[in-house]
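Here the structure is laid out as structure tokens; the discussion comes afterwards.
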Amino acid sequence: TTDTFATAMWPDRRVPVQTLANRLSETRRALGLASDGRPRLRKQGRRHLIVEAETDWDRFRELAAPARGAKSWRSALAMVRGRPFDGLDRGEWAQLEGFAAAIEASVVDVACRLGDDALGQGDGGLAHWAALQGLLVSPWDERLYRLLMRAADQLGNRGGVDAALRSLALALELEGDPLLGIHPETSALYRRLTSRSRT
């Protein structure tokens, strides 16, 4: 409704009717036309409806579906530009409604899925890229650092394994020996990969 739109845009104050009409008009122009030649934002009674509009999140979920395969997962991850809803003046709703957490979890899942698939195909470079795309959204997720370590190992890059551990320690703000502050699975993987590279 118009009232809901106004509350979402200006939760702390009331705005003149003309200001509200101007913002709705700008929104209508920004959304463009639907396939029937009419604006995507339409007024129907007291409500404003959006038709034929797709969000990045809709497209990501479609591309990220498990049945779609690695090529599609890669396209989904290529859409990732950073943490969801960063930069919004009033983005608290994204956290409170659970949207940010859902997007973060989905991106990490797809990054790990693509990374595992790439490692299985012997493509450590693609696995490395998938991990980095996931880290754009979730820079503290140790699963992604483990993927980085495994990718570096497959590429024969011992320094990359060490760099992944250092990056994780920085992200988690660990002091001292990072192996004592990270998840046991990450620590065990690091020890296994580095001991193997010494032999």
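Computed values, structure above
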read-out: Separation in nanometres of the label points that stand 7 Å from Cα toward Cβ, at Glu173 and Glu104; value: 1.5
read-out: Trypsin sites (Lys or Arg not before Pro) within the range 1-57, DSSP loop, no more than 13 other Cβ atoms inside 10 Å; value: Arg13, Arg14, Arg46
read-out: Selection from Val161, Pro11, Tyr145, by position along the positive dipole direction of the chain (Cβ); value: Pro11
read-out: Rg and Dmax [Cα atoms of the range 1-116; Å; Rg one decimal, Dmax integer]; value: 17.7, 55
read-out: Residue of Ala118, Ala76, Ala53 that the Gaussian network model of the chain assigns the largest fluctuation, springs spanning Cα pairs under 10 Å; value: Ala53
read-out: Value of relative contact order over the range 92-199, rounded to a whole percent, pairs C-alpha under 8 Å and six or more apart; value: 20
read-out: Over the chain, equivalent-ellipsoid semi-axes from the Cα gyration tensor in Å; value: 44, 21, 11
read-out: Gaussian network model of the chain, Cα within-10 Å springs - most flexible of Ala164, Ala152, Ala188; value: Ala188
read-out: Stretchable slack from Thr27 to Glu62, in nm (0.36 nm times residue separation minus alpha-carbon distance); value: 10.1 nm
read-out: For the range 95-199, size of Cβ-based charge dipole, Lys and Arg +1, Asp and Glu -1, in debye; value: 540
read-out: Rel. contact order, % - alpha carbon contacts under 8 angstrom, at least six apart, the chain; value: 12
read-out: Directionally averaged projected area (convex hull, Cα atoms, the range 57-111), nm²; value: 3.7
read-out: Sites excluded, GluC sites (Glu not before Pro) in DSSP loops with at most 13 other C-beta within 10 Å, longest stretch of the chain; value: 98-172
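Every read-out reported here was derived from the displayed coordinates using simple, explicitly stated rules and does not represent laboratory data. Small disclaimer: the values here were computed from a predicted structure and weren't measured. Every residue, glycine among them, receives a Cβ derived from its backbone with ideal geometry; neighbour counts consider all protein chains shown.
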